[in-house]
1. Taking θ as phi - 60°, what are the ³J(HN,Hα) couplings along the range 68-79 by the Karplus curve (6.51, -1.76, 1.60), each to the nearest whole Hz, with x for Gly and Pro?
2. Taking the range 65-154, which chymotrypsin sites (Phe, Trp or Tyr not before Pro) meet the DSSP loop condition and have no more than 11 other C-beta atoms within 10 Å?
3. Could you derive backbone 3J(HN,Hα) for the range 128-135 from the dihedral phi with the Karplus parameters 6.51, -1.76 and 1.60 (θ = phi - 60°), listing whole Hz in sequence and x where the residue is Gly or Pro?
4. Hey, can you grab everything whose amide H is under 5 Å from the amide H of residue 164? Only 5+ residues off in sequence or another chain; H modelled, so Pro and N-termini drop out.
5. With the crude spin-label approximation of a point 7 Å out along Cα→Cβ, what separation in nm comes out for residue 159 versus residue 125?
6. 5 Å is the cut-off here: which amide hydrogens, built 1.01 Å from N in the peptide plane, fall below it relative to residue 133, excluding neighbours closer than 5 in sequence?
7. Run the simple label-point estimate for residue 190 and residue 19 please: 7 Å along Cα→C-beta, distance reported in nm.
8. For residue 144 and residue 71, what is the calculated FRET efficiency with R₀ set at 30 Å and r taken between the beta-carbons, to the nearest 0.05?
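Since every read-out is calculated from the coordinates, none of them should be taken as a lab result. The shown structure was predicted, so the numbers you read here are calculated from the model rather than taken from an experiment. So basically every Cβ, Gly included, is an ideal-geometry build from the backbone, and we count neighbours across all protein chains shown.
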Amino acid sequence: MKYFKYYLLAIAMIILDQVVKLAVHFNMEMGVAGQIYLLGDVFKLHYLTNPGMAFGMQLGSENGKLILTVVRLIAMVVIAVYLYRLAKKEVHSGLLWCGALILGGAIGNLIDSVFYGVFLNNAPYDAPNPWFHGQVVDMFYIDIWEGRIPEWVPLFGGDYTALWPVFNVADASIFVGVAIIIIFQKSFFKEAEHEEHDATEDSQTSIVGQVPSDDDEARNAQSVG
């Protein structure tokens, strides 16, 4: 039960993510028409959907969405199992909380991909079927800069884009979890390495203690004689 608190955080993030997404879907118009200003022109609620990854990134292939959904499903299982194993090793609690944030975010967007194409009818028009082709609902827009990238810029030249893409609670949960791990990685993983080193030393000490000494062998020989 002591590990459940980390999964409880993941569940809380999933619920929060889905509540916000459904509230936006059923109460806002898509695009600029339904935009709500929260902090001047900088921070807005802007309802849109995307068929890709976090922050609107996509896989450019015919089966990209299906592949992405399957990858999300596999990642969810891997993260959940890894989180449990880390918790059993009693690593730094900060690493476990971050893992819970990442897990919650991964599942939150996975729900969109698997079910929204059916229940919200938001699968792309060219999707072979609505299952596993749902589009992710995004709504938070930090409008720092928006415009067309100069033609001379490699790869992205000529594209019209925003400096900070529209995102959702799940994206933010993943981003915060990963960012904290990167910032505090020395503290998180140094403690884990230290505990593993102590465990190895204890194991070696135990093995050494079980090896009979020369005096023990001599006494055993005398006893037999």
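1. 4, 5, 5, 4, 4, 5, 5, 4, 4, 5, 4, 5
2. Passing both the DSSP loop test and the Cβ count: 125, 145, 152.
3. Values, residue by residue: x, 7, x, 5, 6, 10, x, 9 Hz.
4. For residue 164, the qualifying residues are 144, 145.
5. Output for this residue pair reads 2.3 nm.
6. Residues meeting the criterion, in which the H sits 1.01 Å from N, are 117.
7. Roughly 3.8 nm, to one decimal.
8. The formula returns an efficiency of 0.50 here.
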